[in-house]
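Beneath this line is the structure, given in structure tokens, with notes to follow.
The values are calculated or read from the model by the stated rules, or taken from the named source; none is laboratory data. Everything quoted here is computed from the prediction, not taken from an experiment. Backbone-built Cβ (ideal geometry, glycine too); neighbour counts: all protein chains shown. What goes into the accessible areas is simple: the full protein's heavy atoms, side chains included, and nothing from ligands, DNA or RNA. Shrake-Rupley method; radii C 1.70, N 1.55, O 1.52, S 1.80 Å.
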Amino acid sequence: MGSQPIDFPHLKGKFAPERVGTKLSERYLASEHMLYAKTIHYAEVCTWYGAVRFAEASGKEELLQKLIARFEPLLDNRRDLLPLIGYKENFNNYVDFNMFGCLPLELYRITGRKVFFDIGIPYADSQWSLPDFATEKHQEYFRNGFTWQTRLWIDDMYMITVVQAKAYQVTGDVKYIDRAAKEMVYYLEKLQRPNGLFYHAPDVPFYWARGNGWMAAGMAELLCYLPDNHECRAYIMEAYRKMMETLKLYQHEDGMWGQLVDRENIWPETSGSAMFVYAIITGIKQGWLDGEVYMDVAVKGWKSLVSYINDKGDLTEICVGTGKKNSESYYYERPRKAGDFHGQGPMLWCAAALIEK
């Protein structure tokens, strides 16, 4: 069982979420766009979305307007930067393109400007609109009520969930949240291990931190919007709590989690750790997790992560983009970057979650 929703103790000095969020948001605004296939990369979307959430939660109107202004060229002379809908050339990455829709839908929620809605909603709708280039496998998923973009990669459960949940929030149309919930249950049934964690892939039996982070954040995001009486809620909540319990057990003494979650002799990885902290903060504040049990986990994780931010505002020790490979040494030896949006974004989610009411 959960507990009553509670707030966090005031975090001061360098650990204050207002300070951290401002530093990372300003660092983001000073950055160039991160592109994939010549369009905005999903990791930048995660960072931009996190900065917008932080700016609104902290009441920083000037920051919010700067983040909105960064989008303005995408409405006009830089529409070429908008990710392609139903991208045909690379079937393995289509959810990465569609999740862009969460950003304009969030801006629509805040501003009421219909142009943001008109850009954002097709990204949600097209996930359940069968394209003419669909394969037999795509059609099979679609016939069974799932998105044709289903591929059973663990990061999908953030990419699909966040855009469908935002579409539900701004339209009130239950079809969006029903889609996300049904898809989540399917992924959980197929991929979650008995200990609550997730292999990188069914044929790759390693608990890669950021991959598990996408699942943790995706469940937390979905549960924030899923109605209390929804038929899928109890199943997803049980899966979420099971994962959080195991994550608590594998947290390192310094507050971090390893690049492979269940390994002790491995380097601490910040992007996955930040996603875990975000999911735990959200659970405590929503009353899904017992604050007496998990508060120390979240605060220790947050403080440790803050210590990995350098003077430029870059989070360090972020694993680079990583495909699956059935080799333990492969994960140990992955390059690490500072300031990569895969890590900047989740830190901004944490900062926002700490101060959101």
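Numbers below:
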read-out	value
Lys337, sole failed condition from (1) surrounded by fewer than 20 Cβ atoms within 10 Å (Cβ to Cβ); (2) in contact (Cβ under 8 Å) with a residue 24 or more places away in the chain; (3) over 14 Å from Trp208 (Cβ atoms)	(2)
Spans of helices (runs of 4 or more DSSP H) in the stretch 104-222 with at least 2 residues open to solvent by less than 30 Å² (accessible area, probe 1.4 Å) and either β-branched (Val, Ile, Thr) or under 25 Å from Ile318 (Cα atoms) (or both)	114-125, 156-171, 174-191
Matching residues, the stretch 223-245, being more than 11 Å from Ala180 (Cβ to Cβ), open to solvent by less than 70 Å² (accessible area, probe 1.4 Å) and not charged (D, E, K, R)	Cys224, Pro227, Met237, Ala239, Tyr240, Met243, Met244
Selection count where residues are open to solvent by 70 Å² or more (accessible area, probe 1.4 Å), in contact with a strand residue (DSSP E or B) (Cβ under 7 Å, 6 or more places away or on another chain) and modelled with pLDDT of 95 or more, scope the stretch 71-87	0
Subset of the stretch 286-312 (residues that are of a type in the set (S, T, N, Q) and under 21 Å from Ile236 (Cβ atoms))	Gln286
Extreme residue, farthest from the chain's Cα centre (by Cα), among residues of the stretch 204-235 that are hydrophobic (A, V, I, L, M, F, W, C) and more than 26 Å from Tyr250 (Cβ to Cβ)	Cys232
Members of the stretch 147-190 found to be under 14 Å from Ala220 (Cα atoms) and of a type in the set (Phe, Trp, Tyr), listed by number	Tyr158
Looking only at the stretch 91-124, and only at residues there that are among the polar types (S, T, N, Q) and farther than 15 Å from Ala43 by Cα, the one that is modelled with the lowest pLDDT	Asn92
Pairs with Cβ under 8 Å, 6+ apart, first in the stretch 260-274 and modelled with pLDDT of 95 or more, second of a type in the set (Lys, Arg) and surrounded by 22 or more Cβ atoms within 10 Å (Cβ to Cβ)	Glu269/Arg210; Ser271/Arg210; Gly272/Arg210
When residues of the stretch 281-325 are limited to those that are in contact with a His (Cβ under 9 Å, 6 or more places away or on another chain) and of a type in the set (S, T, N, Q), the one surrounded by the most Cβ atoms within 10 Å (Cβ to Cβ)	Ser304
Failed criterion for His33 (all others in (1) part of a loop (DSSP other than H, G, I, E, B); (2) farther than 24 Å from Tyr158 by Cα hold)	(2)
Condition broken by Leu249, with the remaining ones in (1) aliphatic (A, V, I, L, M); (2) open to solvent by 10 Å² or more (accessible area, probe 1.4 Å); (3) in contact with a Leu (Cβ under 8 Å, 6 or more places away or on another chain) satisfied	(3)
Filter pass, Glu328 being modelled with pLDDT under 95, open to solvent by 50 Å² or more (accessible area, probe 1.4 Å) and acidic (Asp, Glu)	no
Residues of the stretch 1-30 satisfying the condition of being open to solvent by less than 60 Å² (accessible area, probe 1.4 Å) and outside any loop (DSSP other than H, G, I, E, B)	Gly13, Phe15, Pro17, Val20, Gly21, Thr22, Leu24, Ser25, Tyr28, Leu29
